Amino acid sequence: EIVATKIATMLQNLTKLVQEMPGEYVAGDDLSYGDIVVFVNLSSLISGILPGVPTDLLDGYPELRAFRNKIASIPSIKDYYEKHGGEEDGAHRAAFKPEAV
């Protein structure tokens, strides 16, 4: 029920934010804390650690999936999760890698 209501509303609002970005990122042309917050929240949602939240949740939100993937593909972020995204670090961290879903 929460996925269909509150989370869906949040994802719709985030979709609008991403669609209306003033530049390459949510606050302009430079990566900001806001981009990281959106990335971490979206990645956490699809990580499988939240009961009842499907790991394919972003399939219905292509703009958010693309944005999450763009941030996950930034070399320093990608390198971090390549090094710290294995089973020994918690399987949920795989959701922080590019194209995790």
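The values are calculated or read from the model by the stated rules, or taken from the named source; none is laboratory data. Keep in mind the model is a prediction, meaning the values are calculated, not measured. Virtual Cβ from ideal backbone geometry, glycine too; neighbours counted across all protein chains shown. Just so you know, the surface numbers come from the protein's heavy atoms only, side chains and all, with ligands and any DNA or RNA stripped out. Shrake-Rupley method; radii C 1.70, N 1.55, O 1.52, S 1.80 Å.
Within the range 27-37, the set of residues being open to solvent by 60 Å² or more (accessible area, probe 1.4 Å) and within 17 Å of Arg93 (Cβ to Cβ) is empty.
For (1) touching a residue at least 24 places away in the same chain (Cβ under 8 Å); (2) of a type in the set (A, V, I, L, M, F, W, C), each residue gets a yes or a no:
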{"residue": "Ile46", "(1), (2)": "yes, yes"}
{"residue": "Leu50", "(1), (2)": "no, yes"}
{"residue": "Leu64", "(1), (2)": "yes, yes"}
{"residue": "Lys78", "(1), (2)": "no, no"}
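Looking at the range 78-88, is at least one residue more than 16 Å from Asn13 (Cα to Cα), open to solvent by 40 Å² or more (accessible area, probe 1.4 Å) and small (Gly, Ala, Ser)? No, the range 78-88 has no match at all.
Residues of the range 43-66 that are open to solvent by less than 50 Å² (accessible area, probe 1.4 Å) and touching an Asp or Glu at 6+ places or on another chain (Cβ under 8 Å): Ile46 alone. Taking the condition closer than 18 Å to Asp56 by Cα and open to solvent by 50 Å² or more (accessible area, probe 1.4 Å), does Val40 pass? It is true that Val40 is closer than 18 Å to Asp56 by Cα and open to solvent by 50 Å² or more (accessible area, probe 1.4 Å).
Residues are listed down the side, and each one gets a yes or a no for (1) in contact with a helix residue (DSSP H, G or I) (Cβ under 7 Å, 6 or more places away or on another chain); (2) closer than 24 Å to His92 by Cα; (3) modelled with pLDDT of 95 or more; (4) not small (Gly, Ala, Ser):
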site: Leu11; (1), (2), (3), (4): yes, yes, yes, yes
site: Tyr25; (1), (2), (3), (4): yes, no, yes, yes
site: Ser47; (1), (2), (3), (4): yes, yes, no, no
site: Pro51; (1), (2), (3), (4): no, yes, no, yes
site: Tyr61; (1), (2), (3), (4): yes, yes, yes, yes
site: Arg65; (1), (2), (3), (4): yes, yes, yes, yes
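Tell me whether the range 5-16 contains one or more residues that are more than 23 Å from Asp59 (Cβ to Cβ) and either open to solvent by 100 Å² or more (accessible area, probe 1.4 Å) or more than 13 Å from the chain's Cα centre (by Cα) (or both). Checked the range 5-16: no residue is more than 23 Å from Asp59 (Cβ to Cβ) and either open to solvent by 100 Å² or more (accessible area, probe 1.4 Å) or more than 13 Å from the chain's Cα centre (by Cα) (or both).
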